[in-house]
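Have a look at the structure below before the remarks.
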Amino acid sequence: MEQQDNEEVLILAIESSCDETAASVVKNGREVLSNVIFTQIDLHVRYGGVVPEIASRKHIEKINQVIEEALEQAGVALEEITAIAVTYGPGLVGALLVGVSAAKAISFATGKPLIGVHHISGHISANYIEYPELEPPFVCLVASGGHSHLVTVRDYGEYDIIGRTRDDAAGEAFDKVARAIGLGYPGGPKIDKLSREGNPDAISFPRAKVAENEYDFSFSGLKSAVLNYLNACRMKGEKICQADVAASFQKAVIDVLVAHSLHAVKEYGVDKFAIAGGVASNSSLRSAFAQECGKCGIRFFHPSPVYCTDNAAMIGAAGYYEYRKGVRHGYDLNAVPNLKLG
């Protein structure tokens, strides 16, 4: 690694892959000095989801303000920063370009190294922030609106995807089902909250298995089963209990995520398991994993909810380890909306 052990590394990190404009200053990969997030949820609620054009325009308005605030909160001047890390994919191309352009401009103006970071690597690295003892290798479930990945973390920034969704990501299924039962956007937190009032065993929804890969996920059939149940109730004039539907759907998702993840942990012979991504902030999912990992003697790592949803601190953590490996990007760094992990 290029960094000397006693060298203090301050990473200015920028994240703009979807509808959060975020900047953070992270010290030595694990200590968050500032974590500023401007969320656009209120702008997109009326459309039932993120509108890429609106997201991009709002990023342009807010990016400089958010970066300045992150430096101010950290009590760090720009010249004290060691390197600039930025999400360059995957995500919405217009949104990504705003962050990448800002990072390149700062790098060019200051002469500081530029480091492009994979968004999913950032989510996984969020675990390092609150768990100083966590080191690879371990298994991590990344569950968000766009991804459902089961990943073995071989080393810092080195991953093997052993399972992925064949259709809808877990978070996407939450959003679609929430819309179907009339909860609106964003669906994940609303289903999580409503489920506490419902009976998770009230309705039997399917748990899909993918024959070709025991670690892969499929939530499209579950989503269709919920829609069919709702349509059948309406056709028969039967009352729909939103809370029971939400709780039963959520339990079906959680059962699959937990079963596949713990199977992978045992098969790969590790005793550490982590979760990451927006869905990882789901209270029932966290409880289920805590319970099952406890039974099996597996150490369970779960970032605070603020580090599960999109933020720049996680990009700073990931960027630190890329910096230490000697990763540097040129000013030709571009947004890659479908960037692959590993």
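Could you list all residues from segment 108-147 that are assigned to a loop (DSSP other than H, G, I, E, B) and among the small types (Gly, Ala, Ser)? Listed by number, the residues that qualify are Gly111, Ser144, Gly145, Gly146.
Restricting attention to segment 156-169, the residues being outside any loop (DSSP other than H, G, I, E, B) and surrounded by 18 or more Cβ atoms within 10 Å (Cβ to Cβ) number 5. The set of residues in segment 170-203 being under 16 Å from Ser224 (Cβ atoms), of a type in the set (A, V, I, L, M) and surrounded by fewer than 21 Cβ atoms within 10 Å (Cβ to Cβ) consists of Ala180, Ile203. In segment 289-311, of all residues being of a type in the set (Gly, Ala, Ser) and closer than 30 Å to Thr39 by Cβ, the one that is surrounded by the fewest Cβ atoms within 10 Å (Cβ to Cβ) corresponds to Ser304.
Checking Glu130 against (1) within 18 Å of the chain's Cα centre (by Cα); (2) under 23 Å from Ser224 (Cβ atoms); (3) surrounded by fewer than 22 Cβ atoms within 10 Å (Cβ to Cβ): exactly one of these is not met. Which one? Tallying (1) within 18 Å of the chain's Cα centre (by Cα); (2) under 23 Å from Ser224 (Cβ atoms); (3) surrounded by fewer than 22 Cβ atoms within 10 Å (Cβ to Cβ), Glu130 fails exactly one: (2).
The residue list Ala318, Ala259, Ala274 contains one member that is outside any loop (DSSP other than H, G, I, E, B) and either hydroxyl-bearing (Ser, Thr, Tyr) or out of contact with any helix residue (DSSP H, G or I) (no Cβ under 7 Å at 6 or more places or on another chain) (or both), which is Ala259.
All of the numbers you see were taken from the coordinates with simple rules; none came from a lab. Values in this document were obtained by computation on a predicted structure and should not be read as measured data. All Cβ positions, glycine included, derive from the backbone under ideal geometry; neighbour counts span all protein chains shown.
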